[in-house]
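Asker: Sharing a structure here in structure tokens format.
The values are calculated or read from the model by the stated rules, or taken from the named source; none is laboratory data. Nothing here was measured: the structure is a model prediction, and the numbers come from that model. Backbone-built Cβ (ideal geometry, glycine too); neighbour counts: all protein chains shown. Note: areas computed on protein heavy atoms with side chains; ligands, DNA, RNA excluded. Shrake-Rupley method; radii C 1.70, N 1.55, O 1.52, S 1.80 Å.
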Amino acid sequence: MSISNFNGVVARQPSSIETKMQKLSTEELLAQYVAGKRDFEHTDLSQAYLFEANLEKINLKNSNLQAIHLPYANLTQANLHKAQLQAAELGDANLYQTDLSDAKLQNANLSRANLRYANLRNADLSYANLQGADLYNADLSYANLKYADLSRANLAGAKLEKAQLRGSNLFRAQELDASQAYFDRTTTFPDGYPGNI
């Protein structure tokens with residue numbers, strides 16, 4: 001909603017449906033989670049340290065998780081739709097059936113992560129580290145994987161419809177089907193050879 005002041009300048013008014021992001025400490029989040037709370041939508045946990053945290057089925061939709069530290073964490077069936085996860089540390093994390101659709105994961109570390117059946121539709125994974133990640137039956141449709149490292153990743157059954165693979169490293173990736181994805185000669189395929197335009 002916007003209104004014009006007497007000078008004709010349009011000023012934006014906050015919508016009644018807009019939600020202010022709440023900053024939580026690691027201790028506050030874990031205490032509330034243990035007490036049974038699962039809905040943490042619109043939460044700011046940027047740079048939080050949550051090594052090996054068990055956050056199964058947590059809702060962090062639309063949350064700020066930039067540079068969060070979550071290696072070996074359990075995020076099975078979590079809702080991370082539209083979460084900001086730039087430069088997040090998610091190595092060896094369990095993200096089985098996790099909703100990461102429309103998430104911002106640029107420069108994130110997802111090496112060796114379990115992303116089986118994960119929803120990564122329209123996610124931005126440019127420059128992300130997915131070395132050895134298990135993406136079995138993951139939905140990567142429309143995902144941005146430009147310059148991502150997918151070497152040795154398991155891509156069996158992964159959906160890559162209209163995914164951007166330009167500049168990505170797929171060396172020794174397993175079961176790749178890039179027939180519906182966008183790639184070019186900057187893409188390194190599983191055999192080590194570049195793709196064709």
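Asker: Could you tell me whether segment 153-163 includes any residue that is open to solvent by 20 Å² or more (accessible area, probe 1.4 Å) and either in contact (Cβ under 8 Å) with a residue 60 or more places away in the chain or closer than 22 Å to GLU56 by Cα (or both)?
Answerer: Scanning segment 153-163 turns up no residue that is open to solvent by 20 Å² or more (accessible area, probe 1.4 Å) and either in contact (Cβ under 8 Å) with a residue 60 or more places away in the chain or closer than 22 Å to GLU56 by Cα (or both).
Asker: Give me the pairs, please: first residue somewhere in segment 31-51 and in contact (Cβ under 8 Å) with a residue 24 or more places away in the chain and over 18 Å from HIS81 (Cα atoms), second residue anywhere and open to solvent by 70 Å² or more (accessible area, probe 1.4 Å) and in a loop (DSSP other than H, G, I, E, B), beta-carbon distance under 9 Å, and either six or more positions apart or on two chains.
Answerer: Short answer, once both residue conditions are applied: none.
Yes or no, residue by residue, for (1) of a type outside the set (S, T, N, Q); (2) within 21 Å of the chain's Cα centre (by Cα); (3) not in a strand (DSSP E or B):
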site: TYR147; (1), (2), (3): yes, yes, yes
site: SER151; (1), (2), (3): no, yes, yes
site: GLY157; (1), (2), (3): yes, yes, yes
site: GLU161; (1), (2), (3): yes, yes, yes
site: PHE171; (1), (2), (3): yes, no, yes
site: LEU176; (1), (2), (3): yes, yes, yes
site: SER179; (1), (2), (3): no, no, yes
site: ASP184; (1), (2), (3): yes, no, yes
site: GLY192; (1), (2), (3): yes, no, yes
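This table checks each residue for (1) more than 18 Å from ALA78 (Cβ to Cβ); (2) touching a strand residue (DSSP E or B) at 6+ places or on another chain (Cβ under 6 Å); (3) at pLDDT 95 or above.
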{"position": "MET1", "(1), (2), (3)": "yes, no, no"}
{"position": "SER4", "(1), (2), (3)": "yes, yes, no"}
{"position": "VAL10", "(1), (2), (3)": "yes, yes, no"}
{"position": "SER16", "(1), (2), (3)": "yes, no, no"}
{"position": "SER25", "(1), (2), (3)": "yes, no, yes"}
{"position": "ASP39", "(1), (2), (3)": "no, yes, yes"}
{"position": "ASP44", "(1), (2), (3)": "no, yes, yes"}
{"position": "ALA48", "(1), (2), (3)": "no, no, yes"}
{"position": "ILE58", "(1), (2), (3)": "no, no, yes"}
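Asker: Which of the residues belonging to segment 95-138 are closer than 14 Å to GLY157 by Cα, among the charged types (D, E, K, R) and part of a strand (DSSP E or B)?
Answerer: Residue satisfying the conditions is ASP134 alone.
Asker: Of the residues GLY192, GLY132, which is of a type in the set (Gly, Ala, Ser), surrounded by fewer than 19 Cβ atoms within 10 Å (Cβ to Cβ) and out of contact with any helix residue (DSSP H, G or I) (no Cβ under 6 Å at 6 or more places or on another chain)?
Answerer: Working: GLY132 fails: surrounded by fewer than 19 Cβ atoms within 10 Å (Cβ to Cβ).
The match here is GLY192.
Asker: Here is a list of conditions, (1) surrounded by fewer than 17 Cβ atoms within 10 Å (Cβ to Cβ); (2) polar (S, T, N, Q); (3) modelled with pLDDT of 95 or more, and THR76 meets all of them except one; can you say which number that is?
Answerer: (1)
Asker: All but one of (1) among the β-branched types (Val, Ile, Thr); (2) open to solvent by less than 10 Å² (accessible area, probe 1.4 Å); (3) modelled with pLDDT under 95 hold for ILE197; which doesn't?
Answerer: The single condition ILE197 does not satisfy is (2).
Asker: Identify all residues within segment 113-138 that are out of contact with any Ser or Thr (no Cβ under 8 Å at 6 or more places or on another chain), over 19 Å from ALA73 (Cα atoms) and either in contact (Cβ under 8 Å) with a residue 60 or more places away in the chain or among the polar types (S, T, N, Q) (or both); write none if there are none.
Answerer: SER126, ASN137
Asker: Another question about this same structure. Any chance segment 139-147 includes a residue that's modelled with pLDDT of 95 or more and under 22 Å from ASN74 (Cα atoms)? Give the derivation first.
Answerer: Here is the first cut: in segment 139-147, the residues modelled with pLDDT of 95 or more are 139-147.
Next cut, under 22 Å from ASN74 (Cα atoms) only: 139-140.
Looking for residues that are modelled with pLDDT of 95 or more and under 22 Å from ASN74 (Cα atoms), one finds at least one in segment 139-147, hence yes.
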